[in-house]
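The values are calculated or read from the model by the stated rules, or taken from the named source; none is laboratory data. Note that the coordinates shown come from a computational prediction; the quantities given were computed from them, not determined experimentally. Cβ sites come from the backbone with ideal geometry, for glycine too, and all protein chains shown count toward neighbours.
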């Protein structure tokens, strides 16, 4: 994905749901110790000269606070797309986002070629309900072009009062012309984990984003699934369009399916940024066969989970290539309720793979598709049991004429979600292979 955006922003706030790691105790002092003692005086003179020229000659008068904050933002914007200066409102939004309640449209977005590009819509939000998809390009907001706007300016236009409508003009691959969707802004309350039983014996877990309590919710969902199905034959973990979230939550979710070994480790310049997380012996999943679904909207913490389960051969990864965000952001609090969200490390899968700008490649590629059932008009509309004077079943089983044929809900699932249906078929095959193996 050749995204040239300078920052990722989410429409439910002013900061991305990046993989965020709270600053460890003592890290601030270590960061200060590593700052070079000698300041670049010539560069500082240039900065002061530019500052003075703007103060004197700019067409409008600008106060010192605005100029200095703009300078700080400029320093951060020149780094990677995930480092940012957090104003008091931004800092508050980040804290709210990790707990799962915020306002807006529910889209994770970036900037590409001057347009807004959708990284992932979040489940049960105005964006998801309107049918917005990962990879969509937003070219107009309320019929006004976004070309020429900064990402922050575009995001600010998309935010507003709860209940107010906004129209998005979208370009989508495969569509011959742009189309417009109208969404109403809402307070977003994201349910991090959802679950249901498929075909009576297979568990489906959907993780929409990684919040502080996601690991606990996954374990509770597994317990409910096992009880409902009276034991599971397999598990589907759906991480599609999951933009990430809290690092510890990704570790906890991975640990729910692993019993030993490394889950993820990080490497950075400061000692406290070099961390390693290992699995515990508990296994709430009981080791049943497992398929993980990913796509281009699976980012950050989602890729940690998929990478760990893939490296340990605990699960088969199915779908399409993931987003490719393999960096760790540390939140460094400042005075006056401000903070820096600074990239301080890269994370690596258990086998030492860096996902940065590469992503997770699925073991089995399954593209998003829609399957419809074809009725064969030439097929016989009756069975042996419909024929007059047919022989009865020799084992005492009741006849099953065509009128008693039962429809399978697998076909319905294939129509609604082809990738989930393929994952379910794979799990059924794995269960049969285990039963029949000597």
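Data overview
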{"read-out": "Wholly enclosed strands (runs of 3 or more DSSP E) of the stretch 112-174 bearing at least 1 residues under 22 Å from residue 189 (Cβ atoms) and in contact with a helix residue (DSSP H, G or I) (Cβ under 8 Å, 6 or more places away or on another chain)", "value": "115-121, 165-171"}
{"read-out": "Filter result for residue 55 (closer than 30 Å to residue 207 by Cα and part of a helix (DSSP H, G or I))", "value": "no"}
{"read-out": "Condition met for residue 162 (surrounded by 11 or more Cβ atoms within 10 Å (Cβ to Cβ), modelled with pLDDT under 95 and over 22 Å from the mean Cα position of the chain (by Cα))", "value": "yes"}
{"read-out": "Filter result for the condition that a residue is free of Cβ contacts under 8 Å to residues at least 12 places away in the same chain, over 30 Å from residue 340 (Cα atoms) and surrounded by fewer than 18 Cβ atoms within 10 Å (Cβ to Cβ), over 174, 131", "value": "174"}
{"read-out": "Single residue of 121, 126 found to be crowded, with 22+ Cβ neighbours inside 10 Å and either modelled with pLDDT of 95 or more or closer than 19 Å to residue 294 by Cα (or both)", "value": "121"}
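Residue-by-condition table, conditions (1) in contact with a helix residue (DSSP H, G or I) (Cβ under 8 Å, 6 or more places away or on another chain); (2) under 30 Å from residue 231 (Cα atoms):
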{"residue": "261", "(1), (2)": "no, yes"}
{"residue": "269", "(1), (2)": "yes, no"}
{"residue": "286", "(1), (2)": "yes, yes"}
{"residue": "312", "(1), (2)": "no, yes"}
{"residue": "326", "(1), (2)": "yes, no"}
{"residue": "334", "(1), (2)": "no, no"}
{"residue": "337", "(1), (2)": "yes, no"}
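Okay, residues lined up against (1) touching a residue at least 24 places away in the same chain (Cβ under 8 Å); (2) not assigned by TED's automatic domain parsing to the domain that holds residue 269:
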site	(1), (2)
332	yes, yes
335	no, yes
340	yes, yes
355	yes, no
359	yes, no
371	yes, yes
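Listed here are the residues, each with its yes/no results for (1) outside any helix (DSSP H, G or I); (2) within 30 Å of residue 250 (Cβ to Cβ); (3) under 41 Å from the mean Cα position of the chain (by Cα); (4) modelled with pLDDT under 80.
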residue: 62; (1), (2), (3), (4): yes, no, yes, no
residue: 68; (1), (2), (3), (4): no, no, yes, no
residue: 73; (1), (2), (3), (4): no, yes, yes, no
residue: 82; (1), (2), (3), (4): yes, yes, yes, no
residue: 91; (1), (2), (3), (4): no, yes, yes, no
